[in-house]
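Just below is one structure, and these are the notes that go with it.
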Amino acid sequence: MSFSGLLANRCSAQLAGYWEIELWASGFGQYVWRRLLTMSAEECWRILTAEAKALHDSYTEINKTTTAKKPKGRIFISEAVILLCMAKKSRDADHLQNFIYDQQAGLEPETLTDELERSCWCINGATWCQCYDSRRRDRDRSLVREIPTMSDSLV
């Protein structure tokens, strides 16, 4: 983790922002954005990566007509740092890849296929399941569980 990532974890927007802009001013703008996007996925709760990506896209648009030696748009870096520092923290995505996939924590290799077969779900009437063929899925609806959506309360 970078120094600014550590500061973002501790919610210090002033210090994290200072160091990110210092890196940007030193010519490491692309590195700054790679770190901010990675931190948004590793450290922050859900949709924040999309917000960071939108800020990166805005930064890229602003810099289309400038030279690499004189980039503009550091305001977008500042906004991304503030968002990361103020965001609800979550390591879920990081834990999923490191513990669940890489180390298979909590998974038994012998029963993994059976667990996958029981993990079908239904969203807005569409059944999603990677392990069943459609005939078996249609025949055995007892294994399909409903996941509520925001629109369920509107109907």
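Scan the helices (runs of 4 or more DSSP H) fully inside region 1-74 and keep the ones with 1 or more residues being of a type in the set (Asp, Glu), more than 17 Å from MET86 (Cα to Cα) and at pLDDT 85 or above.
Where helices (runs of 4 or more DSSP H) fall fully within region 1-74 and carry at least 1 residues being of a type in the set (Asp, Glu), more than 17 Å from MET86 (Cα to Cα) and at pLDDT 85 or above, they are 13-25, 48-62.
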Going through ILE82, ILE62, ILE77 one at a time, which residue ends up being out of contact with any Lys or Arg (no Cβ under 6 Å at 6 or more places or on another chain) and surrounded by fewer than 16 Cβ atoms within 10 Å (Cβ to Cβ)?
ILE82
Does region 19-30 hold any residues that are surrounded by 14 or more Cβ atoms within 10 Å (Cβ to Cβ) and either without any contact (Cβ under 8 Å) to a residue 40 or more places away in the chain or closer than 18 Å to LYS88 by Cα (or both), and which are they?
TRP19, LEU23, PHE28
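The values are calculated or read from the model by the stated rules, or taken from the named source; none is laboratory data. Because the structure is predicted, anything quoted here is derived from the model rather than measured. Cβ sites come from the backbone with ideal geometry, for glycine too, and all protein chains shown count toward neighbours.
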